[in-house]
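Below is one structure, written out as structure tokens; comments come after it.
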Amino acid sequence: MSVENAVIVDKLTKTFGDFTAVDHVSFTIPKGEIFGLLGPNGAGKTTTIRMLCGLLIPSDGDAKVLGYDVLIQPEEVKTKIGYMSQKFSLYNDLTSYENLDFYARIYGLTGNPRENRIDELIEMAGLRNHRSTITSNLSGAWRQRLALACAIVHNPPMLFLDEPTAGVDPISRREFWDLIYDLARQGVSVLATTHYMDEAEYCNNIGMMYQSKLIALADPDTLRGSIKDTLIEIDCDSQGKALQSLKEISGVLEAAMHGALLHVTIEKKAVKNKIKERLQSEGVAINRIEEILPSLEDVFVSMIKSKRQALVSAEFIEEREKI
Amino acid sequence: MRKEIIHIRRDPKTLMLVIIMPVMMLVLLGYAVTSDIENIPLAVADLSKSSVSQNFIDRYWISGFFEITHDVKNEKEILELIDAGIVKTGILIPEDFGRKIDTGGSSPVQFYIDGSNPTVAQAAQLAAETIGQAASQEIFIKQLRKQMGGVNFTLPIDARIRFLYNPNMKRMDFWIPGLVAIILQIQSLLLTAFAIVREREQGTLEQLIVTPIKSWELMLGKILPFVAVALVNVALTVGVGMFWFGVPVAGSIPLLFGLSLIFLLGSLGLGVLISNISTNQMQAMYIASFIMIPAFILSGLLVPRDNMPWLAYYSGYLLPVTYFLEIVRGIITKGVGITYLWPWVWPMAVFSLVVFFLSVVLFRKRID
């Protein structure tokens, strides 16, 4: 059976009592692609991943991983996937080598192939100097790499990563993603959750989850293009004063400090000139004012905003109908 | 599984505790009951100061049950000493004791016993009565002889008792094997009670569940390394019993080890079962304690099971230690072989198997 898609998720739903943690989520991951599941804490990302790994039983909907149904054939799924959980889950009192050895044995690797695979993984994760270090003495970034190595000890064609880089410094995060890229190049399909929006840029496709629902599903560029409003960045003096007057201009939807800069969302591009004139008339020196490409964070924030507005107006109509 | 062995090895402090504590417990608790109650402190108020009264008091002292610690002058002083807890017993011999006995009469002797500890009190009462009666009989015969002019009187009944096992009625020989059994029970239960629940709390269980590992493999992996540790403890505790307390093993030592192995599989399995159904270590600890407390009472360690009400009697069968206690006492004290122990061995083996399968069945490879 040839399978084009590594993961097919169809209206997957999970309820805990009255609470719906995952609400009719559907997406597919083509083989060899990296799929990023984004969203704030509690959006349902982890629950989705756990269902795909066979840790939780879906309440409704279907999910196939590498052609196996997660509901009917969870044990077959388990032989084919690697899973890195959110919580750091290696044995703290074992060395790097012993952790790898343990998982290698569980996956039934024996003798020389096992030793070779362990050496290979230690090399890949750059753990050569930490081979005999007790895991609890490793720094966060090294542990993350070790956890990844343990998750792929059996060469799984599918990898589930649940917030793999939580609490790791930016450089190590970058290096970690390089490892993921290498794996994807070798044909491994990856599903990663994260709430670092910048990490989503590494993914081929992104699903955005908010309040148990998938609110967007596209590649990063399409998502960025989906923002209708224009974002401009201003580098100027007396920012407090500038911010005050910006909010008074009609056509400015939002203005906020962004580090030492101002980020302003405007309705139409023409508003940009209005801003320029207004600020200059008030004696604010503008060093730079330009249109910028929205980051995925901006996309996410704007999407949630429109979602909320839709919710509020829906409720409003409902209320009115009652009267 | 190798990993568990590494876990144990990596934590030498715990390992030392695991090996040393049972031995220390045995030594400590062994001594706690060692004294068949003897050397009970006794205050004597001998107002008679005659050779007869001296002879009478000596009997108490010679018996070994009492130790005369205080010589006092009146009843008041005896009561004060008992109130203060300095002596447990007192004896008051009236002034005319010697004269009355010598003249063939009868004299009361007052014995005081501190009843606050029933065990000591009972032992003291029994000893006091027996010694008093024996002395009384002897004096009575002497008086008779004197009156009848040298005719040789003997008492009509001479009851003789022969103990088949443990001929000297040493409590130690009965107590130590029981202690060995109960210590092993408690220890094996605790060793594995945290096995699974710890991994659940640490989050490593989640990682294990996504591997294709089988439930029975996991359970066996959790039990086997501890079997080795616990067998070392069997050897140590039995050894301490033999060489320290001088309790001989009357039966076959290999048989003792073989049956210990079955017992350990069962009670380590029970620990894993507890671990399995607990959601955190606190719960596991709690459940384990409520198995350990009945183990002391219902197993027949302290109180013979034959006299228990039916509910308590049959509840005892739910604990592996009940069977093991009979087996250990059977081998060490009676020296009997497998044929006689069989009624205890097969239920224990069944228990071990049931517990293991229950663990496997109850362990769900899921987290909800």
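Readers should treat all values here as calculations from the given coordinates under stated rules, not as data from a laboratory. This structure is a prediction, so every number in the text was calculated from the model and none was measured. Virtual Cβ from ideal backbone geometry, glycine too; neighbours counted across all protein chains shown.
Between residue A:247 and residue B:289, the modelled label-to-label distance comes to 5.8 nm, taking each label 7 Å out from Cα in the direction of the beta carbon.
Scanning residues 5 or more positions from residue A:82 or on other chains, those with amide H under 5 Å from its amide H are A:158, A:159, A:160, with H placed 1.01 Å from N in the peptide plane.
Sorting A:303, B:348 by the number of Cβ atoms found within 10 Å of their own Cβ, with the fewest placed first, yields A:303, B:348.
The relative contact order of chain B, computed from alpha carbon pairs under 8 Å that lie at least 6 residues apart in sequence, is 18 percent.
Once Rg and the Kirkwood radius are both taken over the C-alpha atoms of chain A, their ratio Rg/Rh works out to 1.07. When the inverse distances between all different Cα atoms of segment A:63-119 are averaged and flipped, the Kirkwood radius reads 13.2 angstrom.
Given R0 = 51 Å, the distance between the Cβ atoms of residue A:274 and residue A:204 translates into a calculated FRET efficiency of 0.80.
D by Stokes-Einstein for segment B:179-314, Kirkwood Rh over Cα pairs, 4 °C, 1.567 mPa s: 79 µm²/s. Between the beta carbons of residue B:217 and residue B:338, assuming R0 = 41 Å, the FRET efficiency works out to 0.85 to the nearest 0.05.
Would you mind ranking B:175, B:244 so that the residue whose beta carbon has the fewest other beta carbons within 10 Å leads the list?
B:244, B:175
Of the trypsin sites (Lys or Arg not before Pro) found in segment A:76-117, those that fall in a DSSP loop while having at most 16 other beta-carbon atoms within 10 Å are A:87. From the alpha carbon centroid of segment A:252-271 to that of segment A:191-218 is 25 Å. Measuring nothing but how far apart in sequence close Cα pairs (under 8 Å, 6+ apart) lie, relative to its length, segment A:228-293 scores a relative contact order of 47 percent. Could you estimate the translational diffusion coefficient of segment B:40-148 from the Stokes-Einstein equation, with Rh from the Kirkwood formula over C-alpha pairs, at 25 °C and 0.890 mPa s, in whole µm²/s? Translational diffusion coefficient: 172 µm²/s.
How much of the DSSP bridge set in the protein assembly as shown is antiparallel, in percent, rounded to the nearest 5?
Details: 42 of 70 bridges.
Roughly 60 percent of the beta bridges in the protein assembly as shown run antiparallel, per DSSP.
Shielding value for A:46-54 is 2, the average number of Cβ atoms from other chains within 10 Å of each residue's Cβ. Counting Cβ atoms of other protein chains within 10 Å of each Cβ in B:312-319 and taking the mean gives 0. Using alpha carbon centroids, what distance separates segment A:152-185 and segment A:1-41, in Å? Cα centres, segment A:152-185 to segment A:1-41: 19 Å. Approximating the spin labels as points 7 Å out from Cα along Cα→Cβ, the residue B:69-to-residue A:254 distance works out to 8.5 nm.
In this structure the amide hydrogen of residue B:66, modeled in the peptide plane, comes within under 5 Å of the amide hydrogens of B:39, B:40, none closer than 5 places in sequence on its chain.
Below 12 angstrom from the Cβ of residue B:70, what's the summed charge of the other residues (Lys, Arg +1; Asp, Glu -1)? Spelling it out: positives minus negatives among the neighbours equals -3.
Pairs A:14/A:87; A:11/A:78; A:228/A:268; A:64/A:307: which are spaced more than 18 Å apart, C-alpha to C-alpha?
A:14/A:87; A:11/A:78; A:64/A:307
In segment A:105-218, the ratio of gyration radius to Kirkwood radius, Rg to Rh, stands at 1.00 when only Cα atoms are counted.
Here the extension length gained between residue B:32 and residue B:280 equals 85.8 nm, from 0.36 nm per residue of separation less the Cα-Cα distance. Shielding by partners for peptide A:96-108, expressed as the average number of C-beta atoms from other protein chains within 10 Å of each residue's C-beta, is 3. Distance from the alpha carbon centroid of segment B:62-132 to that of segment B:214-229 works out to 60 angstrom. The phi-based Karplus calculation (6.51 cos²θ - 1.76 cosθ + 1.60; θ = phi - 60°) puts the 3J(HN,Hα) values of segment B:310-318 at 4, 5, 5, 4, 6, 4, x, 5, 7 Hz, whole numbers, x for Gly and Pro.
Work out, in µm²/s and without decimals, the Stokes-Einstein translational diffusion coefficient of chain B at 20 °C, 1.002 mPa s, Rh from Kirkwood over C-alpha pairs. Using the Kirkwood radius from Cα pairs, D works out to 87 µm²/s.
What is the Cα convex hull volume of the protein assembly as shown when expressed per residue in Å³?
Per residue, the Cα convex hull of the protein assembly as shown comes to 299 Å³.
By the compact-protein rule of thumb, 2.2 N^0.38 Å, the alpha-carbon radius of gyration of segment A:228-293 corresponds to a ratio of 0.96. Scoring B:204-216, B:334-346 by mean Cβ neighbours within 10 Å over their residues and listing the highest first yields B:204-216, B:334-346. Summarising the amide proton neighbourhood of residue A:230: residues at separation of 5 or more, or on other chains, whose placed amide H is nearer than 5 Å comprise A:266. On the basis of the beta-carbon distance and an R0 of 30 Å, residue B:125 and residue B:157 show a calculated FRET efficiency of 0.85. In order along segment A:27-35, the Karplus-derived 3J(HN,Hα) couplings, from 6.51 cos²θ - 1.76 cosθ + 1.60 at θ = phi - 60°, round to 6, 10, 10, x, 4, x, 9, 9, 10 Hz, and Gly and Pro are given as x. Kirkwood Rh and Cα-based Rg: tell me the resulting Rg over Rh for segment A:170-323, rounded to two decimals. Ratio of gyration radius to Kirkwood radius for segment A:170-323: 1.07.
Across all Cα atoms of segment A:1-89, the radius of gyration (one decimal) and Dmax (whole number) stand at 12.7, 39 Å. Charge tally for residue A:273 (other residues, Cβ to Cβ under 14 Å; Lys, Arg +1; Asp, Glu -1): +2. Taking label points 7 Å from Cα along the Cα-to-Cβ direction, residue A:132 and residue B:102 give a separation of 9.1 nm. When exposed loop sites are taken as GluC sites (Glu not before Pro) in a DSSP loop with at most 15 other Cβ atoms within 10 Å, the longest stretch of chain A clear of them is A:5-247.
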